[in-house]
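Below is one structure; the comments refer to it alone.
The values are calculated or read from the model by the stated rules, or taken from the named source; none is laboratory data. Just so it is clear, the model here is predicted, and its values are computed rather than measured. Positions of Cβ are generated from backbone atoms using ideal geometry, with glycine treated the same way; all protein chains shown enter the neighbour counts.
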Amino acid sequence: MNNLQQLKGIHHVTAITSSAKEIYNFYTNILGMRLVKKNVNQDDLTTYHLFFADDRGNPGTDMTFFDFKGISAHQKGKNDISRTSFRVSNDKALDYWQARLDHYKVKRDPVIEMFGHKVLYFEDFDQQQYAIFSDENNKGVAPGEAWHKGPVPDEYAILGLGPIFLRVSSEQLIDQALVTIMQMKKTDSEKGFNLYEMGEGGNGGSVIVEIDDTLPQARQGYGGVHHVAFRVKDREHLDAWNDYFDKLNLANSGFVDRFYFKSLYIRLYPNILFELATDGPGFIDDEEDYENLGEKLTLPMHLRHRREYIETQLDDFDTVRSTKVFEKEYFDER
């Protein structure tokens with residue numbers, strides 16, 4: 001299949017927020033994830049694109065946000081990317097996160113067990129739906145690296161993205177998309193959820209699908225997910241997937257250069273957008289080094305001549321952290 005290699009895992013999730021400044025505060029001060037790029041939406045120059053990740057912005061750790069002006073709230077329902085999850089090192093870390101979320105008055109549920117892992121559901125100020133998965137006894141795609149200078153102790157820190165949740169009305173169609181076309185493996189089922197894995201599998205290479213035809217159609221808006229991206233090694237493997245989709249006569253975006261990674265986009269299931277994205281080149285570039293990632297508005301090369309215009313369209317807010325010291329916060333864990 002023209003050097004087609006299996007998808008390596010989750011690359012990033014892109015969601016929509018009602019406030020770039022508030023989501024920065026939530027991710028930085030509460031979730032303890034590092035803003036590694038303060039960027040612009042390359043297709044809408046009036047909108048931020050913020051990238052939160054691990055210490056160095058490794059692939060598989062990015063949660064990114066748009067703040068589209070004038071957009072309404074997300075309508076939860078069927079045929080949707082319904083929940084994003086994160087990974088922590090072990091069950092003890094989940095005890096810490098229960099205490100941390102309670103301290104910051106973040107709405108959460110009790111810890112449950114899912115596919116052999118302890119899991120904590122919670123939501124942000126937009127009712128964006130999240131989960132934290134324990135990596136205790138997890139095997140598969142390696143985690144990322146704690147943000148060492150953030151407020152969460154390294155031993156409890158979020159280490160990247162966990163399973164991505166889809167809620168769909170047709171099991172047959174989603175099987176066709178994930179298994180037949182995307183070549184994932186359906187590895188388990190429990191309590192109305194089906195588990196699909198790619199690459200080395202585990203929390204960093206999983207999609208969890210809920211089948212529900214009773215709900216209204218989901219509608220995109222703030223508090224919802226825009227798309228999910230899966231990892232490919234490099235441009236050669238991305239092009240192989242592009243050729244594969246073309247040979248199957250599946251409409252797709254073709255190659256898109258996002259500067260920090262290379263991409264293509266495809267809809268294999270109604271109302272759900274998938275992206276394939278390369279592991280590199282990454283977020284440490286000619287505009288920022290490791291120490292000051294995310295502290296200023298950066299632009300991909302092809303938009304730098306429009307900086308003056310872009311700066312008039314985006315409400316600036318302070319993201320400088322290299323001059324600050326975050327005290328590591330400990331709580332009376334349950």
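Scan segment 21-45 for residues that are within 16 Å of Leu101 (Cα to Cα) and touching a Pro at 6+ places or on another chain (Cβ under 9 Å) and the total you get is 4.
Scanning segment 181-223 for residues that are part of a loop (DSSP other than H, G, I, E, B), over 17 Å from the mean Cα position of the chain (by Cα), among the polar types (S, T, N, Q) and closer than 19 Å to Leu273 by Cα yields a total of 1. With respect to the conditions (1) within 23 Å of Leu276 (Cβ to Cβ); (2) touching a helix residue (DSSP H, G or I) at 6+ places or on another chain (Cβ under 6 Å), Phe165 lacks only one, and its number is (2).
Per the listing Asp102, Asp55, Asp95, the residue uniquely surrounded by fewer than 17 Cβ atoms within 10 Å (Cβ to Cβ), modelled with pLDDT of 95 or more and not polar (S, T, N, Q) is Asp102.
Per this entry, Val179 is not counted among residues that are within 27 Å of Ser82 (Cβ to Cβ), in contact (Cβ under 8 Å) with a residue 40 or more places away in the chain and either surrounded by 18 or more Cβ atoms within 10 Å (Cβ to Cβ) or in contact with a Phe, Trp or Tyr (Cβ under 9 Å, 6 or more places away or on another chain) (or both).
The criterion of at least 3 residues that are hydrophobic (A, V, I, L, M, F, W, C) is met, among strands (runs of 3 or more DSSP E) falling completely within segment 1-116, by 10-16, 34-40, 48-53, 62-66, 80-88.
Scanning segment 230-245 for residues that are in a strand (DSSP E or B) and touching a Ser or Thr at 6+ places or on another chain (Cβ under 7 Å) yields a single hit, Val232.
Here Val232 does not fit the description of being surrounded by 17 or more Cβ atoms within 10 Å (Cβ to Cβ), β-branched (Val, Ile, Thr) and within 29 Å of Gln127 (Cβ to Cβ). Given the structure, is Tyr130 within 29 Å of Asp44 (Cβ to Cβ), buried (at least 17 other Cβ atoms within 10 Å of the Cβ), within 19 Å of the chain's Cα centre (by Cα) and not hydrophobic (A, V, I, L, M, F, W, C)? Criteria met by Tyr130.
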